[in-house]
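The values are calculated or read from the model by the stated rules, or taken from the named source; none is laboratory data. On a predicted model such as this, the values are computed, not experimentally measured, just so you know. Heads up, the Cβs are rebuilt from the backbone with ideal geometry, glycines too, and the neighbour counts pull from every protein chain shown.
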């Protein structure tokens, strides 16, 4: 396809927020192009057993496949491609400076009449769009030191490599509990170590306590000497937003999350009803990458749908 074609909406990312947005936007008659750099479904595809998504229980990749199929059936186009830059346009030209609302060529919401608002770089090629939705999610945080055993950030991906061995999971929230429970079916023993008290919810905590080959160590800071005792180290200590490609734009908080809605427009006039819009009119965010997200699959999907509805109104 011609990647220089100006599309109504380009969605960056392929997780639940992106796929839900693609479905809703396509059903609203918007031309939708989705670019995902890795696996469509994002982290959803790494979940071995999903129990907290209303109406669905099973393997996360199955839900991701169904969401993708539904979005494509509605008319969205989904391709693999990595976005390395987003540049606001003014008078049809890319600029490294943020273009905000106002000026003789823009309406009150900052839209350039008859023009694309953004130029994206996808696998080195320029793609133009009238609106952009960033739904790139978050990436695993890494250990601040090196260890001797192999290190993994995905038990579903690498658990089979640790079959029958003594392994350790670093972390104490729901994601770490999920990793430990999955590994308990493969490894000889699983030790879960967290620097604080266990933060997993009651359902996960009960399952951990009732799994005989899982040992929990709370309030202990992991260090190389301790972790080196194990055959495999699995890390689940949180995530950081995948927004490095947006660092040139004034839309991020100090932690790299995209600021939207009231967090942006509290001290000045806000485009009415656009809770998912960033400081750059026409650039929206949804899912785990957005400041204030509760970082659950179901909330990411709802966030994507809400963003698509706003984008549809904004493009009109």
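At least 2 residues being over 30 Å from residue 122 (Cα atoms) and out of contact with any helix residue (DSSP H, G or I) (no Cβ under 7 Å at 6 or more places or on another chain) is the threshold, and among the strands (runs of 3 or more DSSP E) wholly inside the stretch 171-280 those reaching it are 189-193, 214-217.
Against the test of being buried (at least 17 other Cβ atoms within 10 Å of the Cβ) and either outside the structural domain of residue 88 (by TED's automatic domain parsing) or modelled with pLDDT of 95 or more (or both), the options 131, 160 yield a single qualifying residue, 131.
Those strands (runs of 3 or more DSSP E) of the stretch 16-81 in which 3 or more residues are touching a strand residue (DSSP E or B) at 6+ places or on another chain (Cβ under 9 Å) and under 24 Å from residue 179 (Cα atoms) occupy 56-58. Looking across the stretch 163-199, the residues that are over 21 Å from residue 59 (Cβ atoms), surrounded by 20 or more Cβ atoms within 10 Å (Cβ to Cβ) and under 23 Å from the mean Cα position of the chain (by Cα) come down to 170, 171, 172.
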